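What follows is a set of notes on a single structure, which appears directly below.
What follows is calculated from the coordinates using simple rules that are stated; it is not laboratory data. This structure is a prediction, so every number in the text was calculated from the model and none was measured. Quick reminder, even Gly has a Cβ in these numbers, built from the backbone with ideal geometry, and neighbours come from all protein chains shown.
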Amino acid sequence: MKLVIATANPGKITEFEKLLAGHDISVTSLKDYPDMPEIIEDGATFLENALKKARVTSSFTGIASLAYDSGLEVDALDGGPGVMSARFAPTTEERNSKLLDLLRDVPDHLRTARFVCALALVRPDGFEWSAIGVSDGKIIHEPRGDGGFGYDPLFLYEPLGLTFAEIPLNIKNTISHRGKAMHAFKRAVESEGILG
């Protein structure tokens, strides 16, 4: 069985390959399809964007496609930056600085937030499957930790008292939004045969 991951990010490709190890699945990615048209992520939700990427990729390649979209929702910002998380500012440093600036006068108890990951599988026969993974936390006042990426140094996972940038990767993969969505996919592959 072939599966194309709708990303060219080597780290994400490796992540999916590890998750699917032991299954008879040959994983490819957008790196293997240089003529693939650009997919504009213009959905109002993470799930809309993930489904769009999976549909376009499956249609173009003729192979089952798995895509995701994820980001940060902050309650004090009415759910922002949301689907604009990666485009909130030009660089990671600027995104984090902008987030802290917007929350400067927001008290701790109102700094609640969540990371959300929508994962979508689309097969050429029209079958579609999706899952949403969510991790709840709070936005702290200054970055902590050297691991992770993006907003991780600002996102406090309260049960451990650590930011996502401080949590070891093997633990983070079991509690993160992306980890939860990916494990739902793995369970569906094993118990429901969603890859056909």
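Report the charge-dipole magnitude of region 73-119 in Debye, nearest 20, computed about the Cα centre from +1 at each Lys and Arg Cβ and -1 at each Asp and Glu Cβ.
For this selection, approximately 140 debye.
Among the aspartates and glutamates, which fall within straight-line cross-link reach of LYS186, defined as a Cα-Cα distance under 14 Å, with same-chain neighbours fewer than 8 residues apart omitted?
GLU15, GLU17, ASP24
Treat the count of other C-beta atoms within 10 Å as a stand-in for reagent exposure and order THR92, THR57, THR174 from fewest to most. Walk me through the numbers before you get to the answer.
Numbers: THR92 15, THR57 25, THR174 10.
By the 10 Å Cβ count, ascending, the order reads THR174, THR92, THR57.
Please give the charge dipole size of region 13-61, origin at the Cα centre, charges +1 on K and R Cβ atoms and -1 on D and E Cβ atoms. Round to the nearest 20 debye.
That gives a dipole near 80 debye.
Mind checking which of ILE132, LEU66, ALA113 is farthest towards the positive end of the chain's charge dipole, using Cβ charges of +1 (Lys, Arg) and -1 (Asp, Glu) about the Cα centre?
Farthest along the dipole direction, towards plus: LEU66.
Nearest 0.05, what FRET efficiency do GLU128 and ASP101 give at R0 = 35 Å with Cβ-Cβ as r? Write down the numbers at each step before the final one.
Working: r = 39 Å, r/R0 = 1.12.
Efficiency, from the Cβ-Cβ distance: 0.35.
Loop-only chymotrypsin sites (Phe, Trp or Tyr not before Pro) in region 88-137, please: DSSP not H, G, I, E or B, and at most 14 other Cβ atoms within 10 Å. The partial results should precede the final answer.
Details: sites: PHE88, PHE115, PHE127, TRP129; in loops: PHE88, PHE127.
When the chymotrypsin sites (Phe, Trp or Tyr not before Pro) of region 88-137 are filtered for loop state and at most 14 Cβ neighbours within 10 Å, PHE127 remain.
What is the Cα centroid distance between region 111-126 and region 147-196, reported in whole angstrom?
13
Would you mind checking the pairs LYS18/LYS172; LYS2/LYS52; LYS31/LYS98; LYS138/LYS172 and listing those with alpha carbons more than 24 angstrom apart?
LYS31/LYS98
Quick check for me: using +1 on Lys/Arg Cβ and -1 on Asp/Glu Cβ, what's the dipole size of region 2-192 about its Cα centre, in debye to the nearest 20? Intermediate results must be reported in sequence, preceding the final value.
Values: 21 positive and 28 negative charges, 67 e Å.
Computed charge dipole of region 2-192: roughly 320 debye.
Give me, ordered by chain and number, the residues 5 or more places off GLY79 or on other chains with an amide H under 5 Å from its own placed amide H.
VAL74
Put a dot 7 Å past each Cα toward the Cβ at ASP42 and THR28; how far apart are the dots in nm?
Placing both labels 7 Å beyond Cα along the Cβ direction yields 2.8 nm.
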